[in-house]
Each structure stands twice: as C-alpha cells, then as structure tokens.
Amino acid sequence: MKIVVYIVAVALGFLGLMFVIGAQGSVARFVVGAVLLVAAGVVIYMMRMQPKVVQTTNVQKIDLSGNVNLEKLTCQNCGAPLEKESIEVKAGAIFVHCPYCDTSYQIEEAPKW
C-alpha cells in the first residue's frame, strides 16, 4: 500500500513540475502545477504521519491456591504423555494437540462436587 501511495505522489510531483516548467507566463498552468506539487507533498506527509501498528501479546498466568499436585497430562485418544507446548488457550478455552496421534480436543473441566 505504501509503495502505491508513493508512486502516486511521485506522479503528482512530476506532473506538477511539468506544469510549472511549461507555464511560460500562463498563470493558470503555474497554479495547476503548484497545486499538484502541494498535493504530492501532502500525500507524502500524510503517509509518513500514519500511526504505527503496535503488536501486543497477552500472557496468562494462573495463581493456584493451596497445595496443588501436578498430574501428568496424557492424550485422551492414544494415552501418550503431553508436554506444555501441546496446550494452548483459545478464546478462554484450553485446547490440547497431541503430536503423536495428531488429534486436537478441548479439555473439559469436571466439577469437583
């Protein structure tokens, strides 16, 4: 997108320069050339003043209360042990992708009562 805008600005500047050079005493051509040169400058200025896109990363940390024993997480399909790289959170739900049998599923939390 930036390249197209800069090409348009260069084209406007070139046409403006041609009108200014070719004016030879004609005020109308000089005015058109000046307007085109100013338009090229404005296009370049506006393109440079656009805000930069900032990429943000959300990190979720879970604080567990009390004594918590870690269990080894295994695949529901093949029973292979899963590493932490196999787990990801999407839209607030926990998804598991097994690298051994290539299945993906959502972990459903059973109530403790």
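The values are calculated or read from the model by the stated rules, or taken from the named source; none is laboratory data. What you see is a predicted model, and the numbers here were worked out from it, not measured in a lab. Quick reminder, even Gly has a Cβ in these numbers, built from the backbone with ideal geometry, and neighbours come from all protein chains shown.
Kindly evaluate Q50 against the criterion of being out of contact with any Lys or Arg (no Cβ under 8 Å at 6 or more places or on another chain), of a type outside the set (V, I, T) and at pLDDT below 85.
yes
Residues are listed down the side, and each one gets a yes or a no for (1) part of a strand (DSSP E or B); (2) more than 16 Å from Q60 (Cβ to Cβ); (3) at pLDDT below 85:
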residue: K72; (1), (2), (3): no, yes, yes
residue: C78; (1), (2), (3): no, yes, no
residue: E88; (1), (2), (3): yes, no, no
residue: F95; (1), (2), (3): yes, no, no
residue: P99; (1), (2), (3): no, yes, no
residue: Y105; (1), (2), (3): yes, yes, no
residue: E109; (1), (2), (3): no, no, yes
residue: K112; (1), (2), (3): no, yes, yes
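When you scan the stretch 54-61, do you find a residue that is surrounded by 10 or more Cβ atoms within 10 Å (Cβ to Cβ) and either among the small types (G, A, S) or more than 30 Å from E109 (Cα to Cα) (or both), even just one?
No, the stretch 54-61 contains no residue that is surrounded by 10 or more Cβ atoms within 10 Å (Cβ to Cβ) and either among the small types (G, A, S) or more than 30 Å from E109 (Cα to Cα) (or both).
Need the failing condition index for Q50 against (1) part of a loop (DSSP other than H, G, I, E, B); (2) surrounded by 16 or more Cβ atoms within 10 Å (Cβ to Cβ), just the number.
The single condition Q50 does not satisfy is (2).
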